[in-house]
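The structure appears right after this line, and notes come after that.
Nothing in this text is a laboratory measurement; each read-out follows from the coordinates by a stated rule. Keep in mind it's a predicted model, so treat the numbers as computed, not measured. In this analysis, Cβ positions are derived from the backbone assuming ideal geometry, glycine residues included, and neighbour counts consider all displayed protein chains.
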Amino acid sequence: MLKIKHALDKNRPFYIVLYVQSISVIVSAIILWLFLDLHGALSALLGGSVSVVSTAAFVMIISISKGYTAGDTVRIALRAEAVKIIIIVSLLWMVFKFYENVNAIAFIGAFIFNVLIYSMVLLVADYKKR
């Protein structure tokens with residue numbers, strides 16, 4: 001039980017980022033549904049979800065890995081970042097390949113918006129931890 005609590009405390013900023021990203025995906029999809037059509041909302045939902053899924057994969061890799069030395073920590077971070085990039089590229093390709101009615105502006109816009117949220121919220125969550 002103590003190890004689980006330690007893992008949650010250690011990765012708390014990432015869980016805050018996932019929460020805020022998930023909320024922003026839903027809100028942006030609802031807003032675009034009001035101003036555009038259903039395909040615009042689905043495109044925003046898919047674009048934001050690409051960022052959320054890749055962040056979740058990053059957090060899972062960081063959470064299960066144990067970096068005992070500085071070299072291990074850097075190696076784990078690089079591996080997690082590589083997996084995140086592979087997931088992002090794969091999901092972006094899959095959406096453009098298989099979803100014919102994608103609204104590219106809404107899709108890429110929601111993706112970029114969530115990437116910016118990732119960096120801003122991560123900095124704020126880490127700052128509040130101190």
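One table, with the values for the structure above:
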{"item": "Yes/no for residue 106 being at negative phi, within 16 Å of the chain's Cα centre (by Cα) and surrounded by 14 or more Cβ atoms within 10 Å (Cβ to Cβ)", "result": "no"}
{"item": "Residue match in segment 91-102 (condition: surrounded by 14 or more Cβ atoms within 10 Å (Cβ to Cβ) and in contact (Cβ under 8 Å) with a residue 60 or more places away in the chain)", "result": "yes"}
{"item": "Members of segment 33-79 found to be among the small types (Gly, Ala, Ser) and within 22 Å of residue 95 (Cβ to Cβ), listed by number", "result": "40, 41, 43, 44, 47, 48, 49, 51, 54, 56, 57"}
{"item": "Checklist (1) touching a Phe, Trp or Tyr at 6+ places or on another chain (Cβ under 7 Å); (2) outside any helix (DSSP H, G or I) applied to residue 66, failing item", "result": "(1)"}
{"item": "Matching option when the condition is among the polar types (S, T, N, Q), touching a residue at least 24 places away in the same chain (Cβ under 8 Å) and surrounded by 17 or more Cβ atoms within 10 Å (Cβ to Cβ), among 63, 51", "result": "51"}
{"item": "Segment 72-118, subset part of a helix (DSSP H, G or I) and of a type in the set (D, E, K, R), residue nearest to residue 37 (Cα to Cα)", "result": "97"}
